[in-house]
Amino acid sequence: MGIIQGICISEKKGTQKHEVPEAELIEEWGIKDDAHAGKWHRQVSLLGLGQIEEFRARGAKVDFGAFGENLIVEGFNFKELPIGTRFRIGDVLLEMTQIGKECHSHCQIYKVMGDCIMPREGVFARVLHGGIIHKGDEIIMEATDC
């Protein structure tokens, strides 16, 4: 079990995400009003709070959303879980579809720190069932197809 410590969205691609207290997740779309939502396999991005804290301990001053992540979760190291892992947040059901991503152009964090954790630590999911989520909600690992 984990806890959602932050929810972040951005209205336009290429801009840093900002925190919101709650979000509506739409089935097979993603987070309402988030620029990265759509009919594809990377509808929602997740990053573990522990990985952000480790990066901060190296001297990085990063806010939630700085890596482009939608959900900051305490209690999981997502990259250690298999593709197909499902997470339930109340009525919402997510299915992990991708671990990490290719970084085509280094972000501002990489330019300052020489590193960015999202390409190797972040994961992506699609929304199997929608609903409303809030900061502080429990997130439960439900099942895997593996």
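Read-outs: derived from the displayed coordinates by stated rules, not from any lab. As the structure is a prediction and not an experimental result, all values here were calculated from the model. Quick reminder, even Gly has a Cβ in these numbers, built from the backbone with ideal geometry, and neighbours come from all protein chains shown.
Where does each of THR15, THR85 land when they are ranked from fewest to most other beta-carbon atoms within 10 angstrom?
So the residues, fewest neighbours to most, are THR15, THR85.
What's the magnitude of the charge dipole for region 2-141 around its Cα centre, counting Lys and Arg as +1 and Asp and Glu as -1 at the beta-carbon? Answer in Debye, nearest 20.
Around 500 debye, computed over region 2-141.
Which GluC sites (Glu not before Pro) from region 1-105 combine a DSSP loop assignment with at most 12 other Cβ atoms within 10 Å?
Loop-located and lightly packed - GLU11, GLU102.
Could you check the simple spin-label distance between HIS18 and ILE83, using points 7 Å along Cα→Cβ, in nm with one decimal?
3.5 nm
For GLY100, enumerate residues with amide H under 5 Å from its amide H, sequence gap 5+ or separate chain, H modeled in the peptide plane.
Result for GLY100 returns GLY122, VAL123, PHE124.
Under the Kirkwood approximation applied to all pairs of distinct alpha-carbon atoms, what is the hydrodynamic radius of region 2-141 in Å?
14.7 Å
What order do you get for SER10, SER45 when you list them from fewest to most C-beta neighbours inside 10 Å?
SER10, SER45
Would you please give the residues with an amide H less than 5 Å from that of VAL44, counting only those at least 5 places away or on a separate chain, with H modeled from the backbone geometry?
Residues meeting the amide H criterion: ALA125.
Sequence neighbours fewer than 8 away in the same chain don't count; with that in mind, list the lysines whose C-alpha is under 16 Å from LYS17.
LYS32, LYS61, LYS135
How long is the gain from ASP63 to LYS32 if the chain were fully straight, where each residue apart is worth 0.36 nm and the alpha carbon distance is subtracted?
Residue separation times 0.36 nm, minus the Cα-Cα distance, leaves 9.0 nm.
Under a point spin-label approximation (7 Å from Cα along Cα-to-Cβ), what is the LEU128-ILE140 distance to one decimal in nm?
1.4 nm
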